[in-house]
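Structure record follows, encoded as structure tokens.
The values are calculated or read from the model by the stated rules, or taken from the named source; none is laboratory data. None of these values were measured; they are calculated from a predicted model. Here the Cβ is made from the backbone with ideal geometry for all residues, glycine too, and neighbour counts use every protein chain on show. Just so you know, the surface numbers come from the protein's heavy atoms only, side chains and all, with ligands and any DNA or RNA stripped out. Shrake-Rupley method; radii C 1.70, N 1.55, O 1.52, S 1.80 Å.
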Amino acid sequence: MGESERKLNLNAFLFGTGHHEASWRLPEAEPSRNLDFEHVLQIVQTAERGLMDSVFLADGYIGRSNKLEPFTELAALASRTKHIGLIATVGTTYNEPFHVARKFASLDHISKGRAGWNIVTGAGSAAHNFGREDHPDHALRYEEADEFVEIAKQLWDSWEDEAVINDKTVGTRIHKDKVHTIDFKGKYYSVKGPLNIARPPQGYPVLVQAGSSESGKEFAAKVAEVIFTAHQSIESAQQFYKDVKSRLPKYGREADQLKILPGISPILADTVEEAREIESELFNYVNKDGAIKQLSERLGIDLSEYPLDEPLSLEGVRETDEVNGNKSRHQLILDLVRHEQLTLKQLINRLAGARGHFTFTGTPLQLADVIENWFVNGAADGFNVMPQIFPSGLTQFVDKVIPELQNRGLFRTEYSGTSLREQLGLKRPANIRYESKAVL
């Protein structure tokens, strides 16, 4: 695809009442509807009306998130939507490859080729929920994940595309010579196979990755087809974009085989003044004491007595190499403090908007300018759109930002295919035969 034909890819990151941590306290917010499927469906249908590529559900195995399990939710959404891709986070550390491969194959069949897997290793420890003593360290989690994803791909390939024949004349439903064991024996997993469901319509669901640490970037270059990332400036995004894309050739991949989508978290209104009023209202609802406690735990220093309006000192702070959780997000916070000399209050407010992603407050036209600037200047292939308020923030984006992007020739005016791969401009992977046996 030539540069003039290049189009933005846009994903909508679903997140309760919004990505601002205080969005649930707004008078118009309805946090009780987080488990209301019809409410979620309306938001997803808004994204589909805007011709967005996909929606994304984050997930984890700890905490009090009070949200639906993603496979169940996305399977239900698949039955009520037609074009939009359906991406779910599923961690490798506390799962088994066979189960995950089977579930994603099922979701891809149910949605007729619209499934995507956001591969994470699990930043927070859930060992206590899975009969384990400790959370594996960062490097080990990525080693396990590399093997885990390879097994999943081999399981999807264990059925050749022509395996299901349903020949009534000869009485054969499945061609026995086209379904194979994988006989995988690795350092962490041993899986014989084959999978017990036919190869997914897309070959593999679209493989997404969300880590930006050194291990995460290398893993993305080897495996991922989409990467969600967080940057506070175009310069940081450009550096990341160039770095990750430069790693692809060593794995025999080309630049257009990996779409890089930084998060962008907007507050939109018809005027800048109105947008800033919304921003101020949200910040007034932030639980400052809770935010300080959480930030203290992350940084490893006690900030409870620190002056709100003085530049934050990082003396005694926990450095990134000491962190066994989300290293990239930890480093982002350190960089914010060091490069912008933020006060404690400013840092709390910045993180409240979208947990370290790029926040924007202004008009739809101004946001379209930012998106175009990042897109044409080597910082992004598109964006992971994270409205600070749902559902109004996404409606504003769809009704006012997307038409402007279309007018500039940056975004599609109709869906061009039926699968998520087709929307993203990604090829369907060829079926790979491994050294294995046919299932008799």
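Starting from the Cα-Cα distance between VAL376 and LYS82, subtract it from 0.36 nm times their residue separation and give me the gain in nm to one decimal.
On the way: separation 294, 0.36 × 294 = 105.84 nm, distance 3.00 nm.
Additional length available on full extension: 102.8 nm.
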Query - Computed E for ARG276/ARG247 - FRET, C-beta separation, R0 35 angstrom, nearest 0.05 - result: 0.30
Requested in this report: Grab the beta carbon distance between ALA139 and LEU334, set R0 = 22 Å, and tell me the FRET efficiency rounded to 0.05.
Outcome: 0.65
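As a check on your grasp of the helix formula, calculate [θ] at 222 nm for the chain: sum -39500 (n - 2.57) over DSSP H runs of n ≥ 4, divide by the residue count, round to the nearest 500. Don't jump to the answer; show the numbers that get you there.
On the way: 14 runs with 159 residues, N = 440.
The helix-only estimate for the chain comes to -11000 deg cm²/dmol at 222 nm.
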Report summary line: Share of accessible surface on carbon and sulfur in segment 41-143, whole %, 1.4 Å probe and ligands ignored, is 50
Requested in this report: Please calculate how many Å² of accessible area segment 80-120 carries per residue, with a 1.4 Å probe and no DNA, RNA or ligand atoms counted.
Outcome: 32
Requested in this report: Return the percentage of antiparallel bridges among DSSP beta bridges fully within the chain, rounded to the nearest 5 %.
Outcome: 15
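Regarding segment 1-61, what's the average projected area of the Cα-atom convex hull, expressed in nm²? Could you put the intermediate results ahead of the total?
On the way: hull surface 25.3 nm².
The number I arrive at for segment 1-61 is 6.3 nm².
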Query - Percent carbon-and-sulfur accessible area, segment 181-332, ignoring ligands, DNA and RNA, probe 1.4 Å - result: 46
Query - Built amide H within the under 5 Å cut-off of SER158, gap 5+ - result: LEU195
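Find how much the distance from LEU41 to ILE174 grows on full extension, using 0.36 nm per residue of separation minus their present alpha carbon separation; answer in nm with one decimal. List each step's numbers first, then the result.
Values: separation 133, 0.36 × 133 = 47.88 nm, distance 3.63 nm.
Length gained between LEU41 and ILE174: 44.3 nm.
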Query raised in the report: Using Cα atoms only, what is the angle between the long axis of helix 214-223 and the major principal axis of the chain, expressed in degrees (0 to 90) to the nearest 10?
Result: 40
Report summary line: Binned at 10 Å starting from 0, the alpha-carbon pair-distance distribution of the chain in whole percents comes out as 4, 20, 31, 27, 13, 4, 1, 0, 0
Query raised in the report: Summing Lys, Arg as +1 and Asp, Glu as -1, what charge do residues with Cβ under 15 Å from the Cβ of ARG428 carry, ARG428 excluded?
Result: -2
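Over segment 148-305, average the accessible area per residue using a 1.4 Å probe and give it in Å², no decimals.
Values: 7470 Å² over 158 residues.
Value for segment 148-305: 47 Å² per residue.
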Query raised in the report: Stretch ASN166-ARG132 to full length: gain in nm at 0.36 nm per residue minus the Cα-Cα span?
Result: 7.8 nm
Query raised in the report: Sorted by mean Cβ packing within 10 Å, highest first, what order do the peptides 74-87, 22-35, 346-359, 124-137 take?
Result: 346-359, 74-87, 22-35, 124-137
**Report entry** Rounded to whole Å, sorted largest first: equivalent-ellipsoid semi-axes of segment 368-440, Cα gyration tensor
**Finding:** 36, 16, 13
Report summary line: Over the Cα atoms of segment 163-225 the radius of gyration and the largest Cα-Cα distance (Dmax), both in Å, equal 17.4, 56
Query raised in the report: Considering only protein heavy atoms, what per residue accessible area in square angstrom results for segment 352-440 with a 1.4 angstrom probe?
Result: 42
Query raised in the report: What base-10 log of the normalised intensity I(q)/I(0) is obtained for segment 221-379 from the Debye formula, alpha carbons as equal point scatterers, at q = 0.16, 0.17 Å⁻¹?
Result: -1.03, -1.11
Requested in this report: Enter the angle in degrees (range 0 to 90, nearest 10) between the Cα long axis of helix 364-376 and the first principal axis of the Cα atoms of the chain, meaning the one along which they spread out most.
Outcome: 60
Requested in this report: May I ask which of LYS222/LYS345; LYS153/LYS217; LYS82/LYS185; LYS112/LYS178; LYS178/LYS259; LYS178/LYS245 have a Cα-Cα span longer than 31 Å here?
Outcome: LYS222/LYS345; LYS82/LYS185; LYS178/LYS259; LYS178/LYS245
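So, by mean Cβ neighbours within 10 angstrom, what's the order for 270-280, 93-103 with the highest one leading?
On the way: 270-280: 14.2, 93-103: 18.6.
Highest mean packing first, the order is 93-103, 270-280.
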